[in-house]
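The values are calculated or read from the model by the stated rules, or taken from the named source; none is laboratory data. Being a predicted model, the structure only gives us computed values, none of them experimental. When we count neighbours, we look across all protein chains shown, and the Cβ atoms used for this are built from the backbone with ideal geometry, even at glycine.
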């Protein structure tokens, strides 16, 4: 089965300015960062204690996302990929591309009580490429297609010659090995994780310049298929996309935040040139992951606006008798934060609208009987998605 990722990348490169394709990834690799807490809090209420979901529950969420078949990529740890890709063969008949985290530098080591992630990042790789491809440290040529052929590689530059040179050399070694073994990758470029690396107002330009400079000497066979970066706003995004329209830019989701945070991030990033979004905690900590993902897709496809989507999402939760993490009014606030694994950035909130309007049946349709979203008002689109998701998720 053709993977939607490959089809969308072909479309984007064929017409960078005209293609409306957008790639969504569910990043379920948090066990490479948080350990026991990676699966997220248990939905049950435990007075006086925090209890986390189990690894088995975490993997079941991935199975559900695969069956839903809306995202384009599911990113996992190598151990989870071995179970779901190699052992269970869940992606064989799916349009979703499986991927594994290919390195885990020191800035994504975030145990309870830890502080290593606050120090300047140092490169490290737990899993070898062969292990991601076939589950063992050495693969026979015919075994390389058993597992994943795509990995996420992360770099963090801290404006330090010795540390950044080590990061570059390790990335170079990985790229060369990957090219020899037919392993693709996408590149995650974190902001500096030390406060004195670069002035905050210079960080967007610093990251853009280091990213393009790092890839300037890399021929097409070794280049990442797309990027994963912090969204620094319209100017920085447009600058990077204009510099090279074939450098497919994706944004990372960062900490959970409000539902409006997630929906507006995707909407704004796409508006200014991004072609991919990779959400981990924003999906994993959602009250209903499948409904949350479906609204992400509708926003990416231009079917619904972010504020409408938040209201419709809450209506779905109410229909399913799922207690929301926040009130609708609170979930319609925007919290802007530096998106790093440590989750220690300050946030600011802006008020949003809190009225919910309903709409009767009788939605506009095309001649083919499909919903005609262009002919609907904002409130009609909101009501349509409420009713459709209520029916779908209430089965």
Does residue 156 qualify as being within 15 Å of residue 26 (Cα to Cα) and surrounded by 15 or more Cβ atoms within 10 Å (Cβ to Cβ)? no
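Here's the yes/no breakdown for (1) in contact with a strand residue (DSSP E or B) (Cβ under 9 Å, 6 or more places away or on another chain); (2) on the phi > 0 side of the Ramachandran plot; (3) crowded, with 22+ Cβ neighbours inside 10 Å:
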position	(1), (2), (3)
238	no, no, no
246	no, no, no
257	yes, yes, yes
266	yes, no, yes
274	yes, no, yes
289	yes, no, no
Single residue of region 85-107 satisfying the filter (in contact with a strand residue (DSSP E or B) (Cβ under 7 Å, 6 or more places away or on another chain) and assigned to a helix (DSSP H, G or I)) that is nearest to residue 290 (Cα to Cα): 85
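Considering region 209-227 alone, what residues qualify as being in contact (Cβ under 8 Å) with a residue 24 or more places away in the chain and assigned to a helix (DSSP H, G or I)? Can you show your working first?
Of the residues in region 209-227, the ones in contact (Cβ under 8 Å) with a residue 24 or more places away in the chain are 210-212, 214-215, 218, 221-222, 224-227.
Within region 209-227, 210, 211, 212, 214, 215, 221, 222 qualify.
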Looking only at region 109-121, which residues are in a helix (DSSP H, G or I) and either at pLDDT 95 or above or surrounded by fewer than 19 Cβ atoms within 10 Å (Cβ to Cβ) (or both)? 116, 118
Report whether or not residue 185 is more than 30 Å from residue 128 (Cβ to Cβ), touching a helix residue (DSSP H, G or I) at 6+ places or on another chain (Cβ under 8 Å) and surrounded by 14 or more Cβ atoms within 10 Å (Cβ to Cβ). no
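Table: residues versus (1) closer than 19 Å to residue 27 by Cα; (2) in contact (Cβ under 8 Å) with a residue 12 or more places away in the chain.
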| residue | (1), (2) |
| --- | --- |
| 78 | yes, yes |
| 83 | yes, yes |
| 97 | yes, yes |
| 106 | yes, yes |
| 115 | no, no |
| 121 | no, yes |
| 124 | no, yes |
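So for region 228-247 (the condition being closer than 30 Å to residue 42 by Cβ, touching a helix residue (DSSP H, G or I) at 6+ places or on another chain (Cβ under 6 Å) and touching a residue at least 24 places away in the same chain (Cβ under 8 Å)), does at least one residue qualify? Don't jump to the end; show me each part of the working.
Applying the first criterion (closer than 30 Å to residue 42 by Cβ) to region 228-247 yields 228, 230.
Still in the list and also touching a helix residue (DSSP H, G or I) at 6+ places or on another chain (Cβ under 6 Å): none.
No, region 228-247 contains no residue that is closer than 30 Å to residue 42 by Cβ, touching a helix residue (DSSP H, G or I) at 6+ places or on another chain (Cβ under 6 Å) and touching a residue at least 24 places away in the same chain (Cβ under 8 Å).
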Please tell me if residue 19 is closer than 28 Å to residue 226 by Cβ and over 17 Å from the mean Cα position of the chain (by Cα). yes
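Report yes if residue 310 is part of a loop (DSSP other than H, G, I, E, B) and farther than 26 Å from residue 54 by Cβ, otherwise no. Give the derivation first.
Values: part of a loop (DSSP other than H, G, I, E, B): no; farther than 26 Å from residue 54 by Cβ: yes.
When the stated conditions are applied, residue 310 does not pass them.
Could we say that residue 270 is closer than 18 Å to residue 8 by Cβ and assigned to a strand (DSSP E or B) here? Can you show your working first?
Numbers: closer than 18 Å to residue 8 by Cβ: yes; assigned to a strand (DSSP E or B): no.
It is false that residue 270 is closer than 18 Å to residue 8 by Cβ and assigned to a strand (DSSP E or B).
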Among the listed residues 174, 206, identify the single one that is assigned to a helix (DSSP H, G or I) and touching a residue at least 60 places away in the same chain (Cβ under 8 Å). 174
Does residue 224 count as at pLDDT below 95 and surrounded by 13 or more Cβ atoms within 10 Å (Cβ to Cβ)? no
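Here is a yes/no grid of residues against (1) touching a helix residue (DSSP H, G or I) at 6+ places or on another chain (Cβ under 8 Å); (2) at pLDDT below 95; (3) surrounded by fewer than 16 Cβ atoms within 10 Å (Cβ to Cβ); (4) closer than 21 Å to residue 133 by Cβ:
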{"position": "3", "(1), (2), (3), (4)": "no, no, no, yes"}
{"position": "12", "(1), (2), (3), (4)": "no, no, no, no"}
{"position": "47", "(1), (2), (3), (4)": "no, yes, yes, no"}
{"position": "62", "(1), (2), (3), (4)": "yes, no, no, yes"}
{"position": "69", "(1), (2), (3), (4)": "no, no, yes, no"}
{"position": "76", "(1), (2), (3), (4)": "yes, no, no, yes"}
{"position": "86", "(1), (2), (3), (4)": "yes, no, no, yes"}
{"position": "91", "(1), (2), (3), (4)": "yes, no, no, yes"}
{"position": "97", "(1), (2), (3), (4)": "yes, no, no, yes"}
Does residue 37 meet the test of being in contact with a strand residue (DSSP E or B) (Cβ under 6 Å, 6 or more places away or on another chain) and surrounded by fewer than 17 Cβ atoms within 10 Å (Cβ to Cβ)? yes
Restricting the search to region 51-84, which residues are within 30 Å of residue 157 (Cα to Cα), within 16 Å of the chain's Cα centre (by Cα) and not in a loop (DSSP other than H, G, I, E, B)? 73, 74, 75, 76
